[in-house]
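The values are calculated or read from the model by the stated rules, or taken from the named source; none is laboratory data. These figures come from a predicted structure and were not determined experimentally. Reconstructed Cβ throughout: ideal geometry from the backbone, glycine too, with neighbour counts over all protein chains shown. For the accessible areas, the whole protein counts, side chains as well, though only heavy atoms, and no ligand, DNA or RNA atoms are used. Shrake-Rupley method; radii C 1.70, N 1.55, O 1.52, S 1.80 Å.
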Amino acid sequence: IRGVGILIRSKLAHTIISRKHDNDCNMLLLHVNFEGKEIILGSLYGPNTNEERFFYNLNNHLQNLPCQIKILGGDMNLTLDPSNVNVNLDVLNMANIPSLFRSEKMIEIKNRFNLVDPYRSLHPNRREYTFLPSAQNLQNRSRIDFFLVNVESIPFVRNCTIPHSLLSTHFDHKMISLSFKKVKNPKNYPIKNNILLEVEVNWQVKASVIETYIQ
C-alpha cells in the first residue's frame, strides 16, 4: 500500500493556492499561502525500484510551481550521497547503496532547483540512520528518509533531527523532524515628542534641509 499526505494545523491561517500529485500516490505538492508567505510543501514516497517516471513527474511539478521556498520530505528510498559504501555516511553494513540510479536522479533535481539536505548541512559528519529492518538478523542501516529545502532557507532552519530509536516496533522507519526559527517582525521605534522639542534637533533639521537644497 502506498500513499502520502500533508497535515496542516487547523488554527494556522492558510490558503491552498494549488496542488500537484501523481496517479501512483507517490507525491503530493501543495502551493500554500501562510499569512502572506507562499511556500511549496511536498510529501514524497520514492519508488523502491528504478522507475524514472517518479523523478520525471517531480521535476515537472516543481517547474510548474512558481514559489521559491520549497520544503520537501519523505521516504525517498535512496541515499542522497551516491558515494561508495566504504565512505558513505548514510549506509551501514550494506554491500551497495540502495540505488545509484535513484540517487543520481534525485541529485539532478536537487541541483536544478537549488535544494539542500538540511540534516547534512547541520551535521556534515554525523552517522544516523532512518531505516532499520524489522528482522533481528538484519544489521543493515540507511538514511533514506530526509528533507530537501531551498538553499536560501537554510539560515532559518533551527534543527533537523533523527531520533535514536524507532517510534514503534511495528514500523521500521524513524520519524524525522525539521523545525525553523521564528521570524521576528521588525519593531518600530517612534520618535518621542520631547526629543523634537530639543533646540539642537531643530537646528540639525534646518541645516540638513539647507544643505540638501544647495546640493
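Given the options G36, G46, G74, which has the most mean-square fluctuation in a GNM of the chain, springs set between C-alpha atoms less than 10 angstrom apart?
Result for the chain, Cα springs under 10 Å: G36 fluctuates most.
Residues of region 1-132: accessible area per residue at 1.4 Å, in Å²?
54 Å²
Sum -39500 (n - 2.57) across every DSSP H segment of at least 4 residues in the chain, then divide by the residue count to get the 222 nm mean residue ellipticity, nearest 500.
Result for the chain: -7000 deg cm²/dmol, rounded to the nearest 500.
Relative contact order (percent) for the chain, with alpha-carbon contacts under 8 angstrom and 6 or more residues of separation?
With pairs under 8 Å counted, the relative contact order is 14 percent.
Taking springs between alpha-carbon atoms closer than 10 angstrom, which of E108, E51, E35 fluctuates most in the Gaussian network model of the chain?
Looking only at E108, E51, E35, the largest GNM fluctuation is found for E35.
Relative to the first principal axis of the alpha-carbon coordinates of the chain, what is the inclination of helix 52-63, with its axis defined by its Cα atoms, in degrees from 0 to 90 and to the nearest 10?
10 degrees
Given the Cα-Cα distance of I69 and I107 and 0.36 nm per residue of separation, how much length would full extension add, in nm?
Contour length minus the Cα-Cα distance gives 11.9 nm.
With a/c under 1.5 counting as rounded, go ahead and sort region 124-167 into rounded, prolate or oblate using the C-alpha gyration tensor (a ≥ b ≥ c being the square roots of the eigenvalues; past the cut-off, prolate if a/b is larger than b/c, else oblate). Show your work: numbers first, answer last.
Numbers: a/c = 2.93, a/b = 2.70, b/c = 1.09.
Prolate.
Considering only K37, K11, K174, give the residue with the highest GNM mean-square fluctuation for the chain, with springs between Cα atoms whenever their separation is below 10 Å.
For the chain, modelled as a Gaussian network with Cα springs under 10 Å, the answer is K11.
What distance in nm lies between label points placed 7 Å from Cα along the C-beta direction at S165 and S134?
1.9 nm
For region 20-61, rounded, prolate or oblate, judged on the Cα gyration tensor with a ≥ b ≥ c (square roots of eigenvalues), a/c < 1.5 rounded, else prolate if a/b > b/c?
prolate
Taking all protein chains in place and a 1.4 Å probe, what share, in percent, of the accessible surface of the chain do carbon and sulfur account for?
Answer for the chain: carbon and sulfur cover 54 percent of the accessible area.
Per-residue HN-Hα couplings for region 167-178, Karplus 6.51 cos²θ - 1.76 cosθ + 1.60 at θ = phi - 60°, whole Hz, x for Gly and Pro?
Karplus-based 3J(HN,Hα) across region 167-178 equals 5, 8, 6, 8, 9, 9, 10, 7, 8, 8, 9, 9 Hz.
Using a 1.4 Å probe and counting only protein heavy atoms, arrange T169, T79, T49 so the residue with the most accessible area comes first.
Working: T169 130, T79 0, T49 65 Å².
In descending accessible area the options line up as T169, T49, T79.
Regarding region 1-80, what's the average projected area of the Cα-atom convex hull, expressed in nm²? Before the final figure, lay out the partial values.
Working: hull surface 23.4 nm².
With every direction weighted equally, the projected area is 5.8 nm².
Based on the alpha-carbon gyration tensor of region 87-172 and its eigenvalue square roots a ≥ b ≥ c, which shape applies: rounded if a/c is under 1.5, prolate if not and a/b is larger than b/c, or oblate?
In terms of gyration-tensor shape, oblate.
On a 0 to 90° scale, report how tilted helix 199-214 is relative to the longest principal axis of the chain, with both axes built from alpha carbons and the result rounded to the nearest 10.
Relative to the chain, helix 199-214 is tipped by roughly 80 degrees.
With Rg and the Kirkwood Rh both taken from Cα atoms, where does Rg over Rh land for region 31-137?
Checking Rg against Rh, the ratio lands at 1.00.
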